[in-house]
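K.L.:
Input: one structure, supplied below.
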There are 2 protein chains.
Amino acid sequence: MTKEMPTVWARQPKRQQRDQPALSREQIVSAALELLDAEGPEALSMRKLGARLNAGATSMYSHVANKEELLELVVDDVHGEIQLPETPANWREAVSGCAHSLRDTYLRHPWMAATVGSVPLINISPNMLRMSDYLLQALTSAGFSYKAADQALNAIAAYLIGAATFEAAWLVTIQRSGQSEEQWLEKLMPAAEEAIKNYPHVLQAYQAQTEQSDNSREANFSNGLTCILDGLEARLEKV
Amino acid sequence: MTKEMPTVWARQPKRQQRDQPALSREQIVSAALELLDAEGPEALSMRKLGARLNAGATSMYSHVANKEELLELVVDDVHGEIQLPETPANWREAVSGCAHSLRDTYLRHPWMAATVGSVPLINISPNMLRMSDYLLQALTSAGFSYKAADQALNAIAAYLIGAATFEAAWLVTIQRSGQSEEQWLEKLMPAAEEAIKNYPHVLQAYQAQTEQSDNSREANFSNGLTCILDGLEARLEKV
DNA sequence: TGCGGGTGTCGTACAGTGTGCGTAATGACG
DNA sequence: CGTCATTACGCACACTGTACGACACCCGCA
């Protein structure tokens, strides 16, 4: 026998219980998800979670090894929300549709980006595999070799996680301030300008940005994505 | 007066103390850094930090508002380790040198990637501004407009953070297992193959990868980076 | 020289955390 | 009916971040 791996995905699910226990893994996971969305990751405690489920503080431990494993499950659950375009016209559309859906999902659950970084072996969680498989299919059938497709996938995934991390951090900061994005921006501006003033190029970029019209976060995201896709496409054509 | 911003960078440093107090901000930050490197982020507690500094558990609060702010300072401190090429031959070299140094830095402190996601307003921390300014300078003097350079910077930064996140998560997982990367891989393989088996394209990519020789993490990172740079360069030429 | 007052340090205390353990209840099977 | 496996739960432990108040120190001023 191989020694057990310290990850949920390798662990056998518990033998099907014959009776109907009050708690189930899915209930626990979805309650945790609600709590995370409502109050953020630092507010998620096993006691609160138990309370929300009308259960004791330690009742969840029959269904979940520990808090970390619970988080793995929740993260994978959220990854299940990502929609994969069903009949994309080409590989770019497949990737781009998936990318935008991932972004939407991560921004709907702004704690995700900061959390994935501490979840081990995220690559072999079911819903991540589902997405990888989809993208590899799209890429290889467009002409990428499996090696090239794998590398492309890594690059894309890195960009997506990074972009989501920045954007989510921004949203969380605003959310915590309890103000609207405009109010927050207005209050931030003096401090930002003060911090920037000794960095001439940052200052210029800042000024160039404020007089531009289309600097929405969404446009910015698409822009970076297009950039990667262009780089990939160039390689595809070269072969 | 504008209301004070809830971030270290906007806050005035405390009035210079005339005597030589036992603790200083720098000491605290560097001790925290050591602790994080040695035992990981979940092992960093104010009490342990105090003990390491031969100080009481709450003595740090005269120099640092709270643990979160301490983390902001540590993160910026680490960002200070990133080396910026002094006389790059062209913009690609500038970006690439900076990128590799960032990667090295993040892998030297594997807790960084998971931590930056929960640090607010990272963009206006001094050492981040220093790097942004450097890159904007390199990009604009290569012909990018300030708007284009800003977008390019965002794309690059996202890729870097994302790539570091994946790689660091991998390293941390191995480190926690207390085994070498090879041992760990060997033990992981059966579980991974089991998890993969229903995803045909992932499986093929996996097989293609194992028979390849040059699939080092470093090569993978460079590859994705090159891909972005190619995409950027294409835009630069088009203008 | 003496004396406030400001500053840094630290002990105590409080509310809250994850979770190990023992126990009790529940239902299935022989 | 008894036996057994499984879940739920209360309690306890070690530990967390940090508010508060007391205390020791050093400064400039009288």
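The values are calculated or read from the model by the stated rules, or taken from the named source; none is laboratory data. Treat the numbers as computed from the prediction; the structure is a model and nothing was measured. FYI the Cβ positions are ideal-geometry reconstructions off the backbone, even for glycines, and counts take in every protein chain you see. Just so you know, the surface numbers come from the protein's heavy atoms only, side chains and all, with ligands and any DNA or RNA stripped out. Shrake-Rupley method; radii C 1.70, N 1.55, O 1.52, S 1.80 Å.
K.L.:
Just check the stretch B:162-214 against the gyration tensor rule for me: Cα atoms, a ≥ b ≥ c as the square roots of the eigenvalues, rounded for a/c under 1.5, and otherwise prolate or oblate depending on whether a/b exceeds b/c.
P.N.:
Cα axes put the stretch B:162-214 in the prolate bin.
K.L.:
Check cross-link reach from A:Lys147 to the aspartates and glutamates: straight Cα distance under 17 Å, and skip same-chain residues fewer than eight apart.
P.N.:
A:Asp133, A:Glu233, A:Glu237, B:Glu211, B:Asp214, B:Glu218
K.L.:
First check a/c for the stretch A:82-238, with a ≥ b ≥ c the square roots of the eigenvalues of its C-alpha gyration tensor; if it is under 1.5, answer rounded, and if not, answer prolate when a/b is larger than b/c or oblate otherwise.
P.N.:
Prolate is the answer for the stretch A:82-238, as a/c is 1.5 or above and a/b outweighs b/c.
K.L.:
What are the nm distances, shortest first, from B:Ala51 to its equivalents in the other copies, labels at 7 Å along Cα→Cβ?
P.N.:
Here the equivalent label points are 3.1 nm apart from this one.
K.L.:
For a quick check of your reading of the filter: which trypsin sites (Lys or Arg not before Pro) in the stretch B:183-233 sit in a DSSP loop and have no more than 16 other Cβ atoms within 10 Å?
P.N.:
Sparse-neighbourhood loop trypsin sites (Lys or Arg not before Pro): B:Lys197.
K.L.:
Ok, one more. Normalising by the residue count of chain A, find the relative contact order in percent from Cα pairs under 8 Å and 6+ residues apart.
P.N.:
Result for chain A is 16 percent.
K.L.:
Please find the FRET efficiency linking B:Thr226 to A:Tyr61, where r is the Cβ-Cβ separation and R0 is fixed at 35 Å, and quote it to the nearest 0.05.
P.N.:
Once rounded, the FRET efficiency stands at 0.15.
K.L.:
Which of B:Asn220, B:Leu232, B:Tyr206 sits farthest toward the positive end of the charge dipole of the stretch B:135-239, with +1 on the Cβ of Lys and Arg and -1 on the Cβ of Asp and Glu?
P.N.:
Result: B:Leu232, furthest along the dipole toward the positive end.
K.L.:
Which net charge results for the neighbourhood of A:Asn127, defined as the other residues with beta-carbon distances under 11 angstrom from its beta-carbon, given Lys and Arg at +1 and Asp and Glu at -1?
P.N.:
Neighbourhood net charge equals -3.
K.L.:
Have a look at A:Ser180, A:Ser145, A:Ser30 and tell me which one the Gaussian network model of chain A (Cα, springs below 10 Å) gives the largest fluctuation.
P.N.:
A:Ser180
K.L.:
Let me ask something else. Among B:Tyr199, B:Tyr159, B:Tyr61, which one shows the biggest mean-square fluctuation in a GNM of chain B, springs joining Cα atoms closer than 10 Å?
P.N.:
B:Tyr199
K.L.:
I've got another one for you. Between B:Arg52 and A:Ser101, what is the FRET efficiency for a Förster distance of 51 Å, r being their Cβ-Cβ separation, to the nearest 0.05?
P.N.:
Calculated value: 0.65.
K.L.:
For the stretch A:19-64, just the Cα atoms, rotate onto the principal axes and tell me the three extents in Å, largest first.
P.N.:
34, 17, 16
K.L.:
Something else: Arrange the residues A:Lys238, A:Lys67 by how much accessible surface each exposes, largest first, with a 1.4 angstrom probe.
P.N.:
Largest to smallest exposure gives the sequence A:Lys238, A:Lys67.
K.L.:
Along each of its three principal axes, how wide is the spread of alpha-carbon positions in the protein assembly as shown, in whole angstrom units, largest first?
P.N.:
The principal-axis extents, from largest down, are 70, 59, 43 Å.
K.L.:
Any chance you could run the full-extension gain for A:Ser177 through A:Ala89? It's 0.36 nm times the residue separation minus the Cα-Cα distance, nm to one decimal.
P.N.:
Using 0.36 nm per residue and subtracting the Cα-Cα distance, I get 27.4 nm.
K.L.:
Please compute how much accessible surface disappears when A pairs with B, both sides summed, using a 1.4 Å probe, and round it to the nearest 100 Å².
P.N.:
5900 Å²
K.L.:
Whole number in Å², please: accessible area per residue of the stretch B:84-238, 1.4 Å probe, ligands, DNA and RNA not counted.
P.N.:
Value returned for the stretch B:84-238: 43 Å² of accessible area per residue.
K.L.:
Looking at the stretch A:138-164, which residues lose a minimum of 50 Å² of accessible area between their chain alone and all protein chains in place, measuring with a 1.4 Å probe and not counting ligands or nucleic acids?
P.N.:
Hits at the 50 Å² cut-off: A:Tyr146, A:Lys147, A:Gln151, A:Ala158.
K.L.:
Can you send over the carbon and sulfur percentage of the accessible area for chain B, probe radius 1.4 Å, protein chains only?
P.N.:
On the way: 5900 of 12020 Å².
Carbon and sulfur together cover 49 percent of it.
K.L.:
Give me the net charge of B:Glu237's neighbourhood, meaning all other residues with Cβ under 12 Å from the Cβ of B:Glu237; Lys, Arg count +1, Asp, Glu -1.
P.N.:
-1
K.L.:
Could you tell me which of rounded, prolate or oblate describes the stretch B:41-144, using a ≥ b ≥ c as the square roots of the eigenvalues of the alpha-carbon gyration tensor, with rounded for a/c under 1.5 and, failing that, prolate when a/b is larger than b/c and oblate otherwise?
P.N.:
Prolate, because a/c is 1.5 or more and a/b exceeds b/c.
K.L.:
Given a Förster distance of 35 Å, report the FRET efficiency between A:Arg25 and B:Glu186 from their Cβ-Cβ distance, rounded to the nearest 0.05.
P.N.:
0.70
K.L.:
With springs only between Cα atoms under 10 Å, which of A:Thr226, A:Thr105, A:Thr210 fluctuates most in a Gaussian network model of chain A?
P.N.:
A:Thr210
K.L.:
Could you work out the helix-only [θ] at 222 nm for chain B, with each DSSP H run of four or more residues adding -39,500 (n - 2.57) and the total divided by the number of residues, to the nearest 500 deg cm²/dmol?
P.N.:
That comes out to -21500 deg cm²/dmol.
K.L.:
Give the distance, in whole Å, between the Cα centre of the stretch B:61-78 and the Cα centre of the stretch A:91-109.
P.N.:
Value for the Cα centre distance between the two parts: 34 Å.
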